[in-house]
Amino acid sequence: MSTPSPEPGFSAYVDQTAALMGLSLPPESRAAVIRNVTMIYGVAQPVIAFELSPADDLSPVFSPDFPSHD
């Protein structure tokens, strides 16, 4: 699987996110981080594009009924 070319804005996103998190991103690591963000974006696209129907509604929340120890 080839890595897609970075989308416009991914470089800025990586820089801004690192700054917000207080991380110092060394220049030798920055390109690898941008490649990973690009790859994650590519992998997520089919999931994001998949449309759900009303029949695909979430299941109810499971709440276990723990016995009381009175």
In the P(r) worked out for segment 12-52, what percent of Cα pairs fall beyond 15 Å?
-> 50 percent
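Short version: what are the Cα gyration tensor semi-axes of the chain, square root of 5 times each eigenvalue, largest first, in whole Å?
Result for the chain: semi-axes of 38, 22, 10 Å.
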To the nearest 10 degrees, the tilt of helix 27-49 (Cα long axis) against the first principal axis of the alpha carbons of the chain is 40 degrees
When the Debye formula is applied to the Cα atoms of segment 30-70, each taken as the same point scatterer, what base-10 log of I(q)/I(0) results at q = 0.31, 0.32 Å⁻¹?
-> -1.01, -1.03
Principal-axis tilt of helix 10-20 within the chain, Cα atoms, nearest 10 degrees | 70 degrees
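So how strong a dipole does the chain carry about its Cα centre when Lys and Arg Cβ are +1 and Asp and Glu Cβ are -1, to the nearest 20 debye? Show your work: numbers first, answer last.
Values: 2 positive and 8 negative charges, 104 e Å.
Value, rounded to 20: 500 debye.
None of the figures in this text is laboratory data; all of them are computed from the coordinates on show. As the structure is a computational prediction, the values presented were derived from the model and not from experiment. Cβ sites come from the backbone with ideal geometry, for glycine too, and all protein chains shown count toward neighbours.
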